[in-house]
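Asks: Shown below is the structure under consideration.
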Amino acid sequence: LSNSPTLTRDLERAKHFYGGTLGIPQNPSAHEAYPEFETGNVTIALSAARDPEAFRPSMTTLALRVPDVEASRATLEAAGVEFEGETIDTGVCHMAFFSDPDGNGLMLHRRYEPRD
């Protein structure tokens, strides 16, 4: 796994999105220049891009496990989050794709069938 932070062009905007809009608890012990948001066993660490003009969003999509994809999606849509297409049902899980304000890929995810 990479230890690279999630880059942003606007650190305050990203902090509001991850902490406010998504409701992910912020780690109060993290350095203020590198805020961290705790999702259980994964920490989302934010960092300001060194060159905002050359910034490119991450090509990796981070899956956020939720108990109900449709309910979580409705809550986020009400907060202004735009999703990419309809919720997908793969036969084992539900997925709904969206991005943070910088275009970094995110997904709501819920597996409803056990792994083989």
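Asks: Look through segment 79-93, keep the residues that are open to solvent by 60 Å² or more (accessible area, probe 1.4 Å) and β-branched (V, I, T), and return whichever of them is nearest to D68 (Cα to Cα). Break it down into steps so the answer makes sense when it comes.
Replies: Here is the first cut: in segment 79-93, the ones open to solvent by 60 Å² or more (accessible area, probe 1.4 Å) are 79, 82, 84, 86, 88-90.
Of the ones still in play, those that are also β-branched (V, I, T) are 88, 90.
Working: I88: 13, T90: 15 Å.
The extreme case among them is I88.
Asks: List the strands (runs of 3 or more DSSP E) that sit entirely inside the chain and contain at least 2 residues that are among the acidic types (D, E). Talk me through it step by step, then tell me what you get.
Replies: Numbers: elements: 6-8, 36-38, 43-48, 62-65, 93-99, 105-111.
Output list reads 36-38.
Asks: Also, quick follow-up: Filter segment 49-64 down to the residues that are more than 10 Å from the chain's Cα centre (by Cα) and open to solvent by less than 40 Å² (accessible area, probe 1.4 Å), then identify the one that is nearest to G105 (Cα to Cα). First the steps, then the outcome.
Replies: Going through segment 49-64, the residues more than 10 Å from the chain's Cα centre (by Cα) turn out to be 49-60.
Narrowing the set further to residues that are open to solvent by less than 40 Å² (accessible area, probe 1.4 Å) leaves 49, 55.
Numbers: A49: 16, F55: 14 Å.
Checked segment 49-64; the qualifying residue nearest to G105 (Cα to Cα) is F55.
To keep it simple, each residue is scored yes or no on (1) at pLDDT below 95; (2) within 14 Å of D100 (Cβ to Cβ); (3) of a type in the set (V, I, T); (4) open to solvent by less than 50 Å² (accessible area, probe 1.4 Å).
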{"residue": "Y18", "(1), (2), (3), (4)": "no, yes, no, yes"}
{"residue": "T21", "(1), (2), (3), (4)": "no, yes, yes, yes"}
{"residue": "P25", "(1), (2), (3), (4)": "no, no, no, no"}
{"residue": "E32", "(1), (2), (3), (4)": "yes, no, no, no"}
{"residue": "F37", "(1), (2), (3), (4)": "no, yes, no, yes"}
{"residue": "S47", "(1), (2), (3), (4)": "yes, yes, no, yes"}
{"residue": "V66", "(1), (2), (3), (4)": "no, no, yes, yes"}
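Asks: For A96, all conditions in the list (1) surrounded by fewer than 16 Cβ atoms within 10 Å (Cβ to Cβ); (2) in contact with a strand residue (DSSP E or B) (Cβ under 7 Å, 6 or more places away or on another chain); (3) among the aliphatic types (A, V, I, L, M) hold save one; what is the number of the exception?
Replies: (1)
Asks: Determine the pairs where a residue that is under 22 Å from F17 (Cα atoms), located within segment 78-98, has a partner that is assigned to a loop (DSSP other than H, G, I, E, B) and open to solvent by less than 60 Å² (accessible area, probe 1.4 Å) with Cβ atoms under 6 Å apart, the partner being 6 or more residues away or on another chain.
Replies: A96/T87; F98/V81
Asks: For segment 59-71, does any single residue satisfy the condition of being within 27 Å of E12 (Cβ to Cβ) and free of Cβ contacts under 8 Å to residues at least 40 places away in the same chain?
Replies: Initially, segment 59-71 is screened for residues within 27 Å of E12 (Cβ to Cβ), giving 59-66.
From what is left, the residues that are free of Cβ contacts under 8 Å to residues at least 40 places away in the same chain are none.
No, segment 59-71 contains no residue that is within 27 Å of E12 (Cβ to Cβ) and free of Cβ contacts under 8 Å to residues at least 40 places away in the same chain.
The values are calculated or read from the model by the stated rules, or taken from the named source; none is laboratory data. All values reported here derive from a predicted model rather than from experimental measurement. All Cβ positions, even for glycine, are placed from backbone atoms using ideal geometry, and neighbour counts span all protein chains on display. Surface accessibility is based on the protein's heavy atoms, side chains included, excluding ligands, DNA and RNA. Shrake-Rupley method; radii C 1.70, N 1.55, O 1.52, S 1.80 Å.
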